[in-house]
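Structure first, commentary second.
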């Protein structure tokens, strides 16, 4: 009996060694995956506003757009109100590199979404210029008539010179207004620049967050140029991943070489897990700091080139969350909900992640 046990132990050890050599690992429980990976998942705060610059030189600002209306429009950057949004990201290297969604760090807005407001603004600016022009013409006309009818008197020579100078200034104002109106009427949509101004920061799992100042500053290093691939790489300002934070492997080494993982073999009904900050700070806040949540589901459709569909429930704030399999290997980055459903959502599959990071 003892000999039999020794044989079983030896066989088990050999099996484990072979699995280790081949890069295989055992399936893990949801709690094991959370405990291993949550430290590498970060909450992202984006503080942003928009600017619209006209070819005439004017710039105005607004905080967001809702139901086709621009919110909190201001004509000075110091007066514009910023908007806050939350997302999720995760470490992929030891140098503060964090993978997330492009839309988490850059709230792109289509020019067509603001063009109606811009057209109304241009009409208002043209009307204002027209009013200035009419006032200049009226005042200039009165001065001109006075100077024509007045007889020279040395006592009023100084006053007359002042009127002539004012008449010259009004003439210039009239011409400037005329040119400005012509410029406004010639403006096309292609000449209008719309830009999102973002300030991105992160907070770590288990840390205490009381306000925006508790988020560590980051820079946006790279955004996908493929509109179908909603990915972005951001980096901590100090370029250092905190000691003890989990680093997710994308299968791309420092030389850009790809190493296959269990994430490359996806099957229908396969169990997946998402770790993220659903609903942002609202759900994450606890008496022990902010904590990411783990949600689970299964692959519900064979993936195509750009999307992996699964039944993991998500909320606003889940964008950019890592999706892993039961081995803890990164499978996808969550990026979109299926409108009108409760728990069908999309992730960007691992091969697109590798391509974005320059894998070959």
Can you pull out every residue in the range 294-345 that is in contact with a strand residue (DSSP E or B) (Cβ under 6 Å, 6 or more places away or on another chain), part of a loop (DSSP other than H, G, I, E, B) and modelled with pLDDT of 90 or more?
300, 301, 307, 311, 312, 318, 319, 320, 321, 326
Consider residue 78 carefully, then state whether it is closer than 30 Å to residue 251 by Cα and surrounded by fewer than 17 Cβ atoms within 10 Å (Cβ to Cβ).
no
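Determine which member of the set 129, 182 is surrounded by fewer than 12 Cβ atoms within 10 Å (Cβ to Cβ) and part of a helix (DSSP H, G or I). Give the steps one after another, and end with the answer.
Details: 129 fails: surrounded by fewer than 12 Cβ atoms within 10 Å (Cβ to Cβ).
After ruling out the rest, the residue left standing is 182.
Residues of the range 233-257 being modelled with pLDDT under 85 and not in a loop (DSSP other than H, G, I, E, B), which ones? Walk me through how you get there before you give the answer.
Initial filter on the range 233-257 (modelled with pLDDT under 85): 252-257.
If the condition is that a residue be modelled with pLDDT under 85 and not in a loop (DSSP other than H, G, I, E, B), then 252 is the only one that fits.
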Selection from the range 189-212 of residues surrounded by fewer than 14 Cβ atoms within 10 Å (Cβ to Cβ), touching a strand residue (DSSP E or B) at 6+ places or on another chain (Cβ under 9 Å) and either without any contact (Cβ under 8 Å) to a residue 24 or more places away in the chain or within 21 Å of residue 40 (Cα to Cα) (or both) yields 206, 208, 212
What number of residues in the range 80-98 are in a loop (DSSP other than H, G, I, E, B) and on the phi < 0 side of the Ramachandran plot?
7
Identify the residue in the range 262-277 that is out of contact with any helix residue (DSSP H, G or I) (no Cβ under 8 Å at 6 or more places or on another chain) and in a loop (DSSP other than H, G, I, E, B) and, among all such residues, is surrounded by the most Cβ atoms within 10 Å (Cβ to Cβ).
266
Restricted to the range 59-75, and to residues that are part of a loop (DSSP other than H, G, I, E, B) and surrounded by fewer than 14 Cβ atoms within 10 Å (Cβ to Cβ), which residue is farthest from the chain's Cα centre (by Cα)?
75
For the range 99-111, does any single residue satisfy the condition of being part of a strand (DSSP E or B) and touching a residue at least 12 places away in the same chain (Cβ under 8 Å)?
yes
Do we find a residue being within 30 Å of residue 106 (Cβ to Cβ) and surrounded by fewer than 11 Cβ atoms within 10 Å (Cβ to Cβ) anywhere in the range 148-170?
no
Check the range 210-226 and report whether any residue there is part of a loop (DSSP other than H, G, I, E, B), out of contact with any helix residue (DSSP H, G or I) (no Cβ under 6 Å at 6 or more places or on another chain), at pLDDT below 95 and closer than 24 Å to residue 315 by Cα.
yes
Out of the residues in the range 280-299 meeting the condition of being free of Cβ contacts under 8 Å to residues at least 40 places away in the same chain and over 21 Å from residue 353 (Cβ atoms), tell me which one is surrounded by the fewest Cβ atoms within 10 Å (Cβ to Cβ).
287
Note on residue 24: of the conditions (1) farther than 20 Å from residue 350 by Cβ; (2) surrounded by fewer than 19 Cβ atoms within 10 Å (Cβ to Cβ); (3) modelled with pLDDT under 95, unmet is (1)
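The values are calculated or read from the model by the stated rules, or taken from the named source; none is laboratory data. This is a predicted model, so every value here is computed, not measured. Counting neighbours? That spans all protein chains shown, and the Cβs are built from the backbone with ideal geometry, glycine included.
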